[in-house]
Every structure is written in structure tokens, then in C-alpha cells.
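Each remark here refers to the structure printed beneath this line.
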Amino acid sequence: MKKSLFLWMILSAFNTLFSQEKIGVVERDIVINKKQDKENVPLDSIKNMYGGRYVDYKIITQAYDTIQIDTTLNIHKYFRHNYTQQDDFEWVGFANQGQTYNKLGYDLINNQITPNLGVTAKLYNYYEVEDMKYYHVPTPSTILYYRSGFDGQILNSTFTTNFGKHQNFSIGYKGLRSIGDYQNSRASHVNFRVAYTYYNPKKRYQFRLHIITQKLDNQENRGLTTNSITEFMDDNPDFSSRGRVDVNLYDSESFFKTSRYYYEHELRILNSKDSLHQNLTNLKLGHSISIENRKYEFKSTDTDYFDNTPSIYGTRTDDVTNDKTEFNTSKNQVYIKFNSPWVLGNFKVFGTVYNTSQIYDALKTVDTKTISKENNLDYTSFGATWNSKYKGIFLNAYGEQVLNGGNLGSNIHINAGFKLKDNTLVQGGLQLKTSAPNSNTTLFQSNFSNLNWDNVTSFENEISRILYGNIKTKWINADVYLHQLKNYTYFNTNSVASQYNQTIDYVKVKLSNEFKWKKIHLNNSILLQKVTQGSEAFRVPDLVTRNLLYYQDYFFKGKPLLAQIGVSFKYFTKYYANELNPVLNEFYIQNTTKIGGYPTLGAFVNGQVRRTRIYFKVENISASVTGKNYFASPSQPTNDLTLRLGLVWNFWN
């Protein structure tokens with residue numbers, strides 16, 4: 001009874017304190033298959049009325065990993081309590097939901113060696129091929145995710161059903177619209193996706209496909225004016241209504257629209273079994289194709305700010321800006337998969353043809369320099385993967401070499417480790433990669449004279465050497481990364497694409513753990529970083545920390561409600577954070593203003609009733625205590641004290 005009364009008092013206090021706020025929020029839909037304590041298993045997790053077991057509702061990732069749909073409540077889902085539905089520990093967000101994030105740390109390990117379009121500030125709510133999910137469910141299933149915004153909200157809904165055991169169809173819609181507290185900061189995003197999978201009863205042939213269209217539109221205000229930053233930090237009561245604060249741009253917008261068609265199929269041409277009818281050897285022939293069109297556009301009728309910042313933008317060709325970039329990619333891959341004890345696991349050999357094209361309306365001449373109309377690149381590559389596991393020891397290897405087309409890129413990535421009986425995991429890896437820079441840095445045309453360049457022939461491939469290791473025990477999870485980067489491509493202090501011709505050495509150590517005493521939990525994440533060489537082009541804070549203290553228990557008779565009640569703390573040291581260029585939608589280096597050095601406090605109440613999770617979150621409680629110094633970039637504040645409400649609901653029909 002005391003616990004129930006305590007929970008009721010907490011919820012009532014939130015409702016009273018924020019009764020004038022628009023409410024909304026919450027958490028992501030799915031993932032991770034972890035062993036649960038018996039008391040944490042939801043009441044309906046064993047069987048539904050049709051006989052389908054909880055563990056029969058599955059997600060299949062792009063890498064063919066199978067995980068069960070997770071409807072339980074854990075603190076890691078609180079970390080994904082944002083519009084990207086990803087853990088934002090190494091990011092700091094702008095004030096409005098749907099705006100971009102500034103990076104506090106970098107994850108530089110990936111296997112892509114061909115150029116991307118760029119506009120990296122627009123990609124936090126973007127589904128890559130690797131982000132797509134496929135399903136296998138015994139009954140029709142719906143996953144609903146809702147999160148409140150700033151005079152708006154986000155809804156992500158997924159419906160999936162099996163047509164028998166061998167076919168699955170899924171359709172999803174993610175819509176976000178949030179006006180924001182500051183002028184000209186509206187975000188409007190749409191992600192619509194359809195997926196289908198099939199395999200014949202003997203699993204001799206299978207295919208999967210998805211179609212996705214995405215539209216990520218944002219008003220761009222380029223942050224607060226110099227005078228407004230002063231008034232903000234001085235906490236001028238005349239600007240307590242954030243809509244009164246002056247911003248740099250009032251009529252500027254960026255648009256990012258994409259569509260992708262993906263198809264993959266496999267045919268098993270050999271399958272041998274031993275006398276116990278265990279699959280020992282199989283050989284598969286496969287093919288995949290991905291075709292994608294991306295269009296980026298920046299529109300503006302603003303002139304004053306651009307004309308008053310000639311060091312970055314130069315002069316305008318026209319009063320009205322309408323910059324457009326089109327980027328088309330296709331990836332055609334043929335592969336052979338071989339699974340056999342002779343190779344101690346799975347072996348795959350593949351050949352790939354990549355086609356990329358970046359297109360503008362016409363040739364352009366700026367200060368006697370001619371900017372190309374388009375950049376077309378065709379790559380042909382050959383590669384192999386090997387995944388092996390033997391008595392707790394595992395080895396994963398990936399290799400790819402571009403044979404012709406553009407600058408010859410290559411990638412070698414090896415990861416190995418072992419797992420002990422007490423679930424202690426030790427692993428390490430090495431990646432050696434050369435890859436093309438993103439296309440925004442090699443070719444760009446704009447209405448602004450300084451933002452025009454053609455570096456197609458002058459920029460070399462980026463080179464990265466990354467050595468990393470991980471130790472995971474029941475006490476701590478430790479990650480260590482040693483990065484060495486050459487020909488690193490970035491945007492300099494004048495926001496011009498540049499290539500750093502010296503070596504960058506970047507060390508990153510990440511520690512996390514959780515202590516538990518009775519019903520009290522203390523969750524900690526610490527990120528230690530150092531750029532020992534190359535800080536002229538690469539900036540990160542030395543320390544980022546996130547700590548949560550919370551109480552978790554069941555409430556009410558029969559334990560129908562599992563709740564988490566706690567407080568959160570986040571802090572990063574001061575550093576010269578990058579600034580956003582809204583025309584490019586890229587961040588650039590600046591040397592005048594440091595941000596950070598402020599704590600951000602929050603409070604939360606999370607609950608689970610059967611397959612429903614509810615989230616109440618108060619963000620930035622410390623806003624009135626620590627002073628108005630909370631910025632995500634030199635000109636962009638993070639959000640003020642705010643209440644968020646959210647919901648994740650799984651329907652198994």
C-alpha cells in the first residue's frame with residue numbers, strides 16, 4: 001500500500017507541476033533478446049489465446065540475426081527515449097524534436113567504401129538498408145510508438161502478419177511534426193516502409209524485399225543572433241517565451257527526400273546431411289540489388305544574415321536561394337554462401353557493382369572556377385566474409401577491394417574473441433580501410449559564392465586504421481578504440497570542404513556498469529576521449545558522463561505494474577563544438593566559442609502493464625539552477641525544462 005501511495009504521489013506531482021505543458025513521449029518498439037529474471041517476465045509472455053508463444057514473435061535483421069520482439073521494460077529503452085529511437089549518450093540535441101544533434105563522440109567503424117551524398121546533419125531519422133527489419137509472427141501484430149513533441153508529436157506504427165509459415169508482410173509509417181519553441185524551427189518527417197519475405201517449405205529458395213520513401217523537412221533558423229545569445233544567458237524575463245527570441249533566419253528550409261527499392265534472393269544448390277539428419281554442408285547462390293534516389297534542397301528568401309557573414313557565404317548570385325542536389329546510387333551484388341564444418345562456420349564470396357551519380361542543373365562558373373554539372377562513378381569490387389565459432393571462440397572477418405572505378409578503395413575488418421561460462425565476453429578487432437569522402441565535400445554548387453567547389457580530382461581517399469577491444473562482465477562493460485585517420489575530410493572554419501593532410505590520432509574509452517542494491521539501481525556510463533594529434537580538424541570533449549539513480553519494483557496487488565522511478569544526470573566538459581551550416585546541412589569547425597561544462601538533470605517514471613510501456617520524463621530540471629548556458633552548438637540552445645509523455649504498445653491479435 002505504501003509503494004502504491006508513493007507512486008500515486010509522484011505521478012500527481014508531475015501532473016500538477018506541468019499542467020500547462022503539452023504532454024507526449026516515449027520509447028522504441030523492439031529489439032534485444034536477453035534472459036529475463038522470472039519476476040520481470042510479462043504476465044502474457046507465455047501464450048496468447050491462439051497458442052502463439054511470446055518467443056515466437058520474431059524480428060529478422062538485415063544480417064539475418066533473429067531476435068524476439070521484446071515487450072519488457074528495462075533502462076536501456078529509456079536511453080532510446082528520443083525521436084531517433086537510438087541511445088543518444090554521445091550526442092547533444094538541438095532544442096526541437098526532429099532537429100539535428102551535435103556529436104560528443106564518434107563511431108567510425110563501418111564497411112562502406114563508396115561515397116555517400118553527405119548532408120550528415122539530416123540523417124539521424126533516416127533508415128539505411130541495415131536499419132530495415134523483417135518479421136515472423138504467429139498472429140497479426142501491431143507495434144505502436146508515440147512520443148510528444150514541442151507543439152507536435154511523433155508516431156511510429158508497424159503492422160506485420162504471416163501468410164502461413166513461409167510468407168510475411170509488414171508495413172510501417174513513422175510521422176513526426178513538431179513546431180518548436182523558437183521561431184522557424186519546425187520539423188516535419190515521414191518514413192513509409194513496406195517489406196515482404198518468402199521461403200518455400202523446404203527452404204530451397206527464399207527472397208526478401210523492401211520499399212521505403214522518406215521525407216525529412218526542417219525549417220532552418222541558424223540559431224540565435226549574437227544579441228539573443230546574450231539575452232538568453234542573462235535570463236532576460238522578456239524572452240522567457242522563446243518565440244520572442246531573435247534568430248538568424250526566418251524564411252529558410254531544407255528538404256531531403258529519398259526512395260529506395262531493395263530485393264534479395266537466394267537459391268540453395270547443395271545440401272548434405274549426416275546420418276543424424278543434421279545439416280552439415282550447404283551451398284547457396286544469391287543476388288541482391290538496391291536502387292536509391294536522394295534529393296536535397298535548400299530554399300531561402302533571407303538575405304541579411306547571409307550578406308553579413310561574407311567569410312562563410314561570400315556573395316549571392318540571386319536574391320532567392322534554391323540550391324538542389326540529386327544523388328543516385330545502385331548496388332548490384334552476386335554472392336556464394338558456403339556453410340560447412342570444413343570451414344568452421346560460414347564463408348561468403350561476393351562481387352559487387354556500384355554506380356553513383358551526383359547531379360546539378362548545369363555547369364557553373366564562380367570566380368573563374370568551373371564547377372562540374374555532375375560526378376558519375378562506377379565501381380567494381382570483390383570480397384569475402386568468414387564467420388566462425390568453436391567452443392566459445394569466435395572469429396569474424398570481412399574483406400573488400402575495389403578493382404576498378406574512381407580511387408581504389410579497400411577494407412579489411414577482423415573481429416575475434418571468446419565467451420566464458422559466466423557470460424564474460426572478451427573481444428578485439430582491427431579495421432584497415434580506404435574509402436571515398438562524402439560527395440558534399442568533393443562537389444557542391446550553391447547560390448552562395450563561397451559554397452562552390454569541385455574537388456573530384458584533388459581529394460584523395462580517406463584512410464582509417466582502427467584498433468579496438470571490449471571486455472564485458474557482470475560488473476562492467478569496457479570499450480577501447482584507437483583511431484588513426486589520414487586525409488580526413490571536414491569543413492573548415494569558413495565552412496569550406498577541406499582535407500587534413502596530416503594524421504589524426506583519436507583515443508576513445510567507454511565504460512558502463514549498473515549496481516543494484518535491493519530495489520535501488522545505479523546506472524553509469526563514462527566516455528573518456530583525447531585527440532592527441534589533429535585537433536585542428538577533429539574536436540571532441542574530454543569527458544562525457546551519464547548517471548541514473550532509480551527505484552524499480554512491482555506495484556499494486558497481483559503485481560500488474562512494473563515501474564521505474566528515478567533521476568538522471570548528464571555532463572560533458574567544455575570544448576570547441578562544431579557549428580551547423582544550414583545550406584550544406586553539415587557541421588563545420590569553429591574556434592571562438594566553447595560549449596559544455598553544464599550538468600543536465602532529469603526525472604522519469606516508466607511503467608509496464610502487460611505489453612504496454614508508459615514513459616513520463618522531465619527534461620532539463622536544472623535549467624533554472626545552473627543558469628542559461630545549455631547549448632548544443634555555439635548558437636543553438638538545447639531545450640528548456642520540459643515534460644514528455646510516451647507510449648509503446650504491442651498488439652498481438
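The values are calculated or read from the model by the stated rules, or taken from the named source; none is laboratory data. The structure presented is a predicted model; accordingly, all values stated were derived computationally and were not measured. Because the Cβ atoms are built from the backbone with ideal geometry, glycine has one as well, and the counts that use them run over all protein chains shown. These area figures cover heavy atoms from the full protein model, side chains too; ligands, DNA and RNA do not enter into them. Shrake-Rupley method; radii C 1.70, N 1.55, O 1.52, S 1.80 Å.
Here are the numbers for this structure:
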{"read-out": "Loop sites in the stretch 592-626: chymotrypsin sites (Phe, Trp or Tyr not before Pro), DSSP, at most 15 other Cβ within 10 Å", "value": "none"}
{"read-out": "The chain - charge dipole about Cα centre, Lys and Arg +1 at Cβ, Asp and Glu -1, debye rounded to 20", "value": "3640 debye"}
{"read-out": "Helix-only mean residue ellipticity at 222 nm for the chain, each DSSP H run of n ≥ 4 adding -39500 (n - 2.57), per residue, nearest 500", "value": "-1500 deg cm²/dmol"}
{"read-out": "Amide H partners (placed H, <5 Å) of Asn111, local residues excluded", "value": "none"}
{"read-out": "Average accessible surface area per residue within the chain, 1.4 Å rolling probe, Å²", "value": "46 Å²"}
{"read-out": "Spread of Cα-to-Cα distances over 10 Å intervals beginning at zero, given as percent, for the stretch 265-420", "value": "9, 22, 23, 17, 14, 10, 5, 1, 0"}
{"read-out": "Under-17-angstrom lysine pairs by C-alpha in the stretch 185-320, whenever the two are 8 or more apart or on separate chains", "value": "10"}
{"read-out": "Estimated D of the chain in µm² per second, where Rh is the Kirkwood radius over Cα pairs and Stokes-Einstein applies at 25 °C, 0.890 mPa s", "value": "91 µm²/s"}
{"read-out": "Of Gln427, Gln99, Ser357, farthest towards positive along the dipole that unit charges on Lys, Arg, Asp, Glu beta carbons give the chain", "value": "Gln427"}
{"read-out": "Cut-off of 10 Å, at most 10 other beta carbons, DSSP loop: longest stretch of the chain lacking such trypsin sites (Lys or Arg not before Pro)", "value": "203-390"}
{"read-out": "Cα-based reach from Lys574 at 27 Å (exclusive), listing lysines while leaving out same-chain residues under 8 positions away", "value": "Lys103, Lys122, Lys486, Lys508, Lys510, Lys530, Lys594, Lys617, Lys628"}
{"read-out": "Aspartates and glutamates with Cα under 12 Å of Lys570, excluding same-chain neighbours fewer than 8 positions away", "value": "Asp88, Glu90, Glu619"}
{"read-out": "Phi-based couplings in Hz for the stretch 333-339 (Karplus 6.51, -1.76, 1.60; Gly and Pro marked x)", "value": "10, 10, 8, 10, 10, 10, 10"}
{"read-out": "Stokes-Einstein D in µm²/s, Kirkwood radius over Cα pairs - the stretch 59-134 at 10 °C with 1.306 mPa s viscosity", "value": "108 µm²/s"}
{"read-out": "Reachable aspartates and glutamates, given that their alpha-carbon falls under 19 Å from the alpha-carbon of Lys421 and they are not under 8 places away in the same chain", "value": "Asp37"}
{"read-out": "Apportionment of accessible area to carbon and sulfur, the stretch 350-418, percent (1.4 Å)", "value": "59 percent"}
{"read-out": "Positive dipole terminus of the chain, leading residue within Ala632, Thr368, Thr114 (C-beta point charges)", "value": "Thr114"}
